[in-house]
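Q: One structure follows; several queries about it will come next.
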Amino acid sequence: MVTLTFEVFSRFQTAADANKLLYTPIADQLTYNHTRLYTAECDGDEATARAYLRGVLVDPISQKVEEGGKPALTGELFCISYGIKKGALDLEKEAIMTNYAGRRGLSFTLRALTITQNIYIFGEGDKAKLAERFCKDVCNPAIHTWSVR
């Protein structure tokens, strides 16, 4: 089994005011960018699996992709990674898995797919306090799991 990772983000994305993520603004001058991290577990022909997934996950005109697990963005104060809990409905994942199931003759098997949203927060401040505040406003404990790095 091989694990493939694709962190996808817009070529045209610029850092935005991080207060847009919060219910009430904070005084800190922070900005953010976001990405989607797709982690796929596959058996079989790795090159075919990579090509299929890149074709489904990435628009080569408007998006960039970082493969191999290295973060797509750097220099952040912290990054919140969150995703849908197991058992909760994830429409994007369902659409990708339905697309895969409808293909015939592929030389690989897609065993599992995990989609994680990454929010990179840039600026200066109390990392622990700010991370707690952003997680509280961005993540819903009823449907999300999350971590901060």
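The values are calculated or read from the model by the stated rules, or taken from the named source; none is laboratory data. Given the structure is predicted, the values throughout are model-derived calculations rather than measurements. Every residue, glycine as well, gets a Cβ built from its backbone with ideal geometry; the counts of neighbours run over all protein chains shown. We work out accessible area using only protein heavy atoms, side chains counted, and drop any ligands, DNA or RNA first. Shrake-Rupley method; radii C 1.70, N 1.55, O 1.52, S 1.80 Å.
Q: Between Ala47 and Ile143, how high is the FRET efficiency from 1/(1 + (r/R0)^6) when r is the Cβ-Cβ distance and R₀ = 41 Å? Nearest 0.05.
A: 0.70
Q: Between the DSSP loop rule and a limit of at most 15 other Cβ atoms within 10 Å, which trypsin sites (Lys or Arg not before Pro) in the range 2-60 are left?
A: Arg11
Q: Next up: At R0 = 22 Å, how high is the FRET efficiency between Leu22 and Asp126 if r is their beta carbon distance? Nearest 0.05 is fine.
A: Computed FRET efficiency for Leu22 and Asp126 comes out at 0.90.
Q: If you roll a 1.4 Å probe over the heavy atoms of the protein chains, what accessible area per residue do you get for the chain, in Å²?
A: Result: 58 Å² of accessible area for each residue.
Q: Within 10 Å, at most 15 other Cβ atoms, and a DSSP state outside H, G, I, E, B define an exposed site. Report the longest part of the chain free of exposed chymotrypsin sites (Phe, Trp or Tyr not before Pro).
A: 24-149
Q: So between Leu89 and Glu67, what do we pick up on full extension, going 0.36 nm a residue minus the alpha carbon distance?
A: 5.3 nm
Q: I've got another one for you. Which values, in whole Å and largest first, are the semi-axes of the equivalent ellipsoid of the chain obtained as the square root of 5 times each eigenvalue of the Cα gyration tensor?
A: Sorted largest first and rounded, they come to 31, 17, 13 Å.
Q: Carbon and sulfur: what percent of the range 50-121's accessible surface (1.4 Å probe)?
A: Heavy-atom surface of the range 50-121 belonging to carbon and sulfur, 1.4 Å probe: 51 percent.
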